[in-house]
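*Asks:* Pasting a structure here, questions to come.
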Amino acid sequence: MKNRTLVLIALCIALNIGLGQAASTLKLPIFLDSIGTVLAALLMGPWIGMATGLVTNLLWGVISGPVAAAFAPVAMVIGLVAGLAARKGLFRSLAGAVIAGVVITLFVTLVATPIRTYLFGGVTGSGADFFVAYLTAVGQRLLQSVALTVIWTNLVDKIVACLVAQAVVRQLPGRIRSLFPGAENVA
Amino acid sequence: MRKIGPFRSFLLWAVWVGGSMGLPAFPFAAVMAGLSAGAVLLWPRARRRAKAVALFMLPLAFGFWLIHGGALQLFLGVAAQPSRAVWALGLWLRILSVISASQLWLEYVPPPVLIRSLFAGRLPASWAFLLASPLLLAGQIRARAAQVREAQLSRGVPVHGTFFERASSLTALVFPLVLGLLNELPARSAALDMKGFGLFPRRSSLAGEEKTGPRPASEPAPPKYHGAMAAVREAAFLAPGETKPVLEIPEFSVSPGDTAFLEGGNGSGKSTLASMLSGAVPEHRGGSIAGEVRVLGEDVTSRSCLAWSPDVQAVQQNPVLSLSGCTFTVREEVAFGPENLALPPAEIRSRVERALDLAGIAHLGDRNPACLSGGEAQKLALASALAMNPRLLVLDEAFSRIHPADRHSLASVLRRQAMETGSALVVLEKPGNASSSWSAPAGHFRDGRLLPGSSPVPVKRQSSGPSLSSGINDDQPVLEIENLSFRWKGESSPLLRSVNAVLRPGERAALTGPNGAGKSTLMRLCAGLIEPERGAVLLGGVPVGSMAPGERAARIGFLFQDAERQIFHSTVAGEVLFSLRNSPLSQDERMERMRQALEVTGLSGKEEKHPLDLNAAERRMVAVASLSVREGDLLLLDEPTRDFDPEWQGRFEEWMLSRPEAIVAVSHDPEFSGRLFPAVWSLDSGRLTT
């Protein structure tokens, strides 16, 4: 792997961590911790996006504990799907980026729901637990209740991540854009 | 007791996790949870982590009770399943066991230990790099986010407030941050190439057990080359998609043992030449080379930047960008490059000590590279390059933050070093004070060409001196600083003690003082960006702290040290017009204002350019133009002339003198402050003398 790619991945991981922390200090109701992953996927393709997601969560694991590391497959899927969506040309328009955000959320739900249900009993220790508790109490199966919660908490975040990453790539100076083959998929 | 290494302890942790998740919950997981949670509480070093465990496990317990405890079912009148509550308790205990064991492992292997052992171990170095460098970068990002936030706050972007205000200000925060980082990417990756990272499949490491390096110590020396270290003839650099060259070099060469000193102003082509000579074109600097550029007798494009690193080193202006981000002491940072060359440990050690001595930072060997001052970091970047034993060393404004007295001694050390080792030195500097440290310039950059000899004496556009009459100005003061005291949170001694000053309309004051005296802090207090401990800053009689950000931004213009922190539009015009977004002017008037502002700042014709594609002086002028479209009461300029060559400085001085506002400017240049500022405020040991 070229050093340039390594540095890009490192920058994007640091962005995930930095913005994730900023979002919680600004008390915004979204995570913002996958903008770097989507950005890496747009600039260098799905595999690099996947690696960015994986290492981001491994690092969160080193910083804060193993829960983030358990969700590493989720972060990998975000990078992979974002990169594939870019190859399909979804990031050429604003509407496309929103659709990409929805598609990413669906895949995230597929991967995150089993992890949350079987590893953590569907519990997160956050306000979302009330929602899951209510749904299961009124007769929903646990798996479905968790899936609904995952969609509900991720949809806005993933759409925002896609829109921000798209706007950043659009606003890159030409000098930097020309270094990345993937950037031409983002008009 | 033999110490268990990080890798063994990781295996132990993995076994523990496997057991906690796989064995029956009762009694195994319960006992394991008790053991590991107990260990967190009993091991004194880990006790501080107990809070993190509790903060995670208690809400989780509540969630488990809520979802699986059956309370809600009871409330809603649905049949509860007691077996689920038992299962949930078991799962909670499993999680407790894993979390506690992980905290123990994290305490046992803190990040520096982990990263050192990753680099010394068998894992590919690229993975170690990915796990190490984001930690340093995240620190840099946090610091920069604070600067961006401040810059935007001073432009009236609301940072607090309703959800929609916070969400909309997020773009103004996120974009300068992300764009700035990506803009620096080529510089960072070129620096990593310069350190030879990834050149050999196995690197040696000083941190691991003592062993000989992967390369044999008695390697046959490469045949010594005795011709010119760099020879350029009829060469040009072309930007991507352009046919007109950015830089033309009719003839330039430097022989072994020689020092070539070249002068050039902002954007004249110094960095372009540095990229050409170090093999960074086209990988880190998009574009192409035409003509003949030979380094050590070889065509420069025949090798990649990485492959040139054992022979050619280029040091760039911003030292922070050349840190590897994988090391925790200055000594390790200097050793990082030689380690990548897979040299034997003894050789690495002697190279490191010599490089630290040459750069004059042997006393900083154990300091954290991330906590150095600008000048110290530049010396570290220089030492890292010297430790690679380059045969050609290119220094691109590599001394800008080093104290002038040290520059002289470094220059003579480097010249002597080149002569003794038969290597060559190419020094690129702005015309002006740096030149006295070196011999007469061998060449200068002019209108996109490298010409021989020194540049014609720069016609410094001497701006007229203070235009104020010496009579007493007894208008109502614009700015009043009354008994102002300030201390940073957690500091015992105050930074500012009862500072008093008055500035009347149209007056100009220069703020001077040693590094770290609190000049920038005083400016921030004047702008209302931070709150004083005691005393007040009054703008036209009203405390600045009590004004709304929008009103404050309309009356106070703040030029920050690093102007690019605020840039988030993709055109110069968009960036300048952002300052007028809330003004009542019509569209035509706004465009007219912008046109005038770009004209006085020398940016006419650059409306549609990307601000980050401009050179350092022009980029700073974009920030100046953003101030220029509006008229307030007070301008605060923090080291305004740092990036300017004499020509841009002249233009800036003309702009400053034409402004109607009262001005406070931080400056390290006594000539500049003496000539243009009737009042000099000097700040030292927390006291201000006016």
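*Asks:* Take B:Arg675 and B:Asp475, extend 7 Å from each Cα along the Cα→Cβ direction, and tell me the distance between the two endpoints in nm.
*Replies:* Rounded to a tenth, the inter-label distance reads 2.6 nm.
*Asks:* Specify the inter-centroid distance of region B:76-114 and region A:107-139, based on alpha-carbon positions, in whole Å.
*Replies:* Taking the Cα centre of each part, region B:76-114 and region A:107-139 sit 15 Å apart.
*Asks:* Can you pull the mean other chain C-beta count within 10 Å for peptide B:523-534?
*Replies:* 0
*Asks:* For B:Arg416 and B:Asp299, FRET efficiency with R0 = 30 Å and r from the beta-carbon atoms, rounded to 0.05?
*Replies:* For R0 = 30 Å, the calculated efficiency reads 0.45.
*Asks:* Let me ask something else. With the cut-off at 32 Å, report for region B:479-689 the share of all Cα pairs above it, as a whole percent.
*Replies:* 17 percent
*Asks:* Obtain the nm distance between the two label points defined at B:His403 and B:Glu533 by a simple spin-label model: each point lies 7 Å from its Cα along the Cα-to-C-beta direction.
*Replies:* 2.7 nm
*Asks:* Mind ranking B:33-44, B:518-529 by how tightly packed they are, going by the mean number of other C-beta atoms within 10 angstrom, highest first?
*Replies:* B:518-529, B:33-44
*Asks:* Would you mind pulling out the separation of the Cα centroids of region A:1-76 and region B:272-304, in Å?
*Replies:* 34 Å
*Asks:* In peptide B:124-135, how many Cβ atoms from other protein chains are near each Cβ within 10 Å, on average?
*Replies:* Mean shielding count: 6.
*Asks:* What's log10 of I(q)/I(0) for chain B at q = 0.10, 0.11 Å⁻¹, Debye sum over Cα points only, no solvent?
*Replies:* Summing over Cα pairs of chain B leads to -1.09, -1.22.
*Asks:* Quick one: divide the alpha-carbon radius of gyration of the protein assembly as shown by 2.2 N^0.38 Å and tell me what you get.
*Replies:* So the Cα radius of gyration is 1.03 times the expected 2.2 N^0.38 Å.
*Asks:* Enumerate the helices in chain A for which the Kyte-Doolittle hydropathy averages -1.0 or more and the C-alpha atoms extend at least 30 Å along the helix's axis, using complete DSSP H runs.
*Replies:* The answer, listed by residue number, is A:3-25, A:94-114, A:142-171.
*Asks:* Next question. In Å and whole numbers, how far do the C-alpha atoms of region A:80-137 stretch along each principal axis, longest first?
*Replies:* 42, 20, 16
*Asks:* Rounded to a whole number, what is D in µm²/s for region A:69-187 from Stokes-Einstein with the Kirkwood radius over alpha-carbon pairs (25 °C, 0.890 mPa s)?
*Replies:* D = 158 µm²/s.
*Asks:* Can you grab the distance from the C-alpha centre of region B:648-690 to the C-alpha centre of region B:567-617, Å, no decimals?
*Replies:* The two parts, judged by their Cα centres, are 25 Å apart.
*Asks:* Okay, moving on. Relative to the compact-globule scaling 2.2 N^0.38 Å, provide the ratio for the alpha-carbon radius of gyration of region B:6-109.
*Replies:* The reported ratio for this selection is 1.21.
*Asks:* Evaluate the distance, in nm, between pseudo-label points positioned 7 Å from the Cα of B:Val113 and of B:Ser685 along their respective Cα→Cβ axes.
*Replies:* A separation of 4.5 nm, rounded to one decimal place.
*Asks:* For region B:517-592, rounded, prolate or oblate, judged on the Cα gyration tensor with a ≥ b ≥ c (square roots of eigenvalues), a/c < 1.5 rounded, else prolate if a/b > b/c?
*Replies:* Since a/c reaches 1.5 but b/c is at least a/b, the shape of region B:517-592 is classed as oblate.
*Asks:* OK, next. Which helices of chain B meet both criteria: a Cα extent of 27 Å or more along the helical axis and a mean Kyte-Doolittle score no lower than -0.5, with helices taken as whole DSSP H segments?
*Replies:* Flagged H segments are B:82-108, B:125-154, B:163-183.
Read-outs throughout are calculated quantities, based only on the coordinates presented, and are distinct from any laboratory measurement. Values in this document were obtained by computation on a predicted structure and should not be read as measured data. We place every Cβ from the backbone using ideal geometry, glycine too, and count neighbours over all the protein chains shown.
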